[in-house]
1. Counting residues that are more than 26 Å from residue 459 (Cβ to Cβ) and away from the ligand (no atom under 16 Å from the Cβ), which strands (runs of 3 or more DSSP E) fully inside the range 269-373 reach at least 3?
2. Out of 77, 19, 87, I need the residue that is surrounded by fewer than 24 Cβ atoms within 10 Å (Cβ to Cβ) and more than 16 Å from the ligand (Cβ to nearest atom). Which one?
3. Considering only residues of the range 207-232 that are away from the ligand (no atom under 14 Å from the Cβ) and under 23 Å from residue 187 (Cβ atoms), which is farthest from the chain's Cα centre (by Cα)?
4. Would you pick out the residues in the range 171-186 that are closer than 14 Å to residue 210 by Cβ and out of contact with any helix residue (DSSP H, G or I) (no Cβ under 6 Å at 6 or more places or on another chain)?
5. Got a sec? Which of 371, 365 is within 28 Å of residue 119 (Cβ to Cβ) and touching a residue at least 40 places away in the same chain (Cβ under 8 Å)?
6. Limited to the range 159-200, what total is found for residues that are in contact (Cβ under 8 Å) with a residue 60 or more places away in the chain and within 16 Å of the ligand (Cβ to nearest atom)?
7. In the range 233-251, which residue that is farther than 17 Å from residue 287 by Cα and in contact with a strand residue (DSSP E or B) (Cβ under 6 Å, 6 or more places away or on another chain) is nearest to the ligand (Cβ to nearest atom)?
8. Select from the range 226-256 the residues that are in contact (Cβ under 8 Å) with a residue 40 or more places away in the chain and under 24 Å from residue 93 (Cα atoms) and list them in ascending order.
Ligand code: S3P
């Protein structure tokens, strides 16, 4: 079975996974239904580390295990440590000592953001207004992703001095300087770009406002507000006052909720395997939970309970009644909703293949700029499994079939965690053994994905080696 993970959260150990067909004609007998705890939400975690560093507080962040932390989060931890922020990790918690605005030190070496786009974009905003220069690098995938549109916005809009490679990508040199007030209009809805502007806006000589064409996830705004920064939000415009003093206590605890984007894959496993599942303590931020509405509109019964709010972020329990209800109608996803389901489109596309009728994804060209070109990767993989699909410049059209039996033996994930997880779920419906090599890529957001999947579909169907 599974070996080699030990206390090596940051390494990319080799991991191969086999998804075995369901040979039993009877529904498999599973352990009693127990709630599954998801990995912490990495979007919130990155922000907590970065915005927490700007406070003067000691922040305790309870964790279930070091091994459950999404690998992307380590990129942010290492980056902040190299900027002089004391961050300590133990088995049960991460403790961060905020250094306050202006409290960072110049890094002695370049900062490697690894695979993490959120780390890179948020740091660009944070570092643009420092009194020192820094250089950011990334892995092969991150080095292909666009950085120019953010650099141009900060350079022309706030007077930053950010230099990119000739192709407008990483490595990035950020010559920190005093920034100016400004009004920024984002060309596309992007939580990463919006957050970068707001972080830069804490280091300017006047108010900075940022407007996006459509609402994207709003964790940054919520956290800045909850920590006492002077931020006002009107529609899709947020305005931040520079040198906002945070009002957090000397010491506090922040529980990062479970990642609703990771939940989407387990929910899909429940749908595919006709299983009921319970997920506890899941983040329920309204800008992240849209895919639940999409699934509910298609017929799936979903119950949400035990909802409470902490630091401006709702969290609660999600119960999927997959044994008695399922998806049937094709999905309706309007262009305005795309930013709200941006990370769920891979798994929604897999599920749409099993719904009779046509599901159209449009206005989703941003997916070409993710950890892989997700439009191209989805079309390629769905076709490889036998799905009827038509590619468009900004999306695709899936012709779903409720009797669809996927056929493919080897899953290609393009180095993209969400592709690996989405197609592992599709593999559950094949009649043959399906393999995924280098499956440790899932650790980017969900290190225990295959173990948790085994809880839902039965341990004998998932072999990890
Ligand atoms: C993220 C924002 C999204 C999302 C990404 C994480 C964030 O990207 O795709 O996985 O944490 O801000 P956008 O910047 O396109 O909204």
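We did not get these values from a lab; they are worked out from the coordinates using the rules stated. Small disclaimer: the values here were computed from a predicted structure and weren't measured. Please note: Cβ atoms are built from the backbone with ideal geometry, for glycine as well, and neighbour counts cover all protein chains shown.
1. Values: elements: 276-283, 302-310, 313-321, 357-361.
Per the criteria, 302-310, 313-321, 357-361.
2. Working: 77 fails: more than 16 Å from the ligand (Cβ to nearest atom); 19 fails: surrounded by fewer than 24 Cβ atoms within 10 Å (Cβ to Cβ).
The conditions single out 87.
3. Residues of the range 207-232 away from the ligand (no atom under 14 Å from the Cβ): 207-209, 211, 225-232.
Filter once more, keeping what is under 23 Å from residue 187 (Cβ atoms): 207-209, 211, 231-232.
Values: 207: 29, 208: 26, 209: 25, 211: 22, 231: 24, 232: 25 Å.
It comes out as 207.
4. 181, 183, 185
5. Numbers: 365 fails: touching a residue at least 40 places away in the same chain (Cβ under 8 Å).
On inspection, the qualifying residue turns out to be 371.
6. 12
7. Narrowing the range 233-251 to residues farther than 17 Å from residue 287 by Cα: 239-251.
If we keep only those that are in contact with a strand residue (DSSP E or B) (Cβ under 6 Å, 6 or more places away or on another chain) as well, we get 239-240, 242, 251.
On the way: 239: 19, 240: 16, 242: 22, 251: 26 Å.
Going through the qualifying residues, I end up with 240.
8. 226, 227, 246, 248, 249, 250, 251, 252, 253, 254, 255, 256
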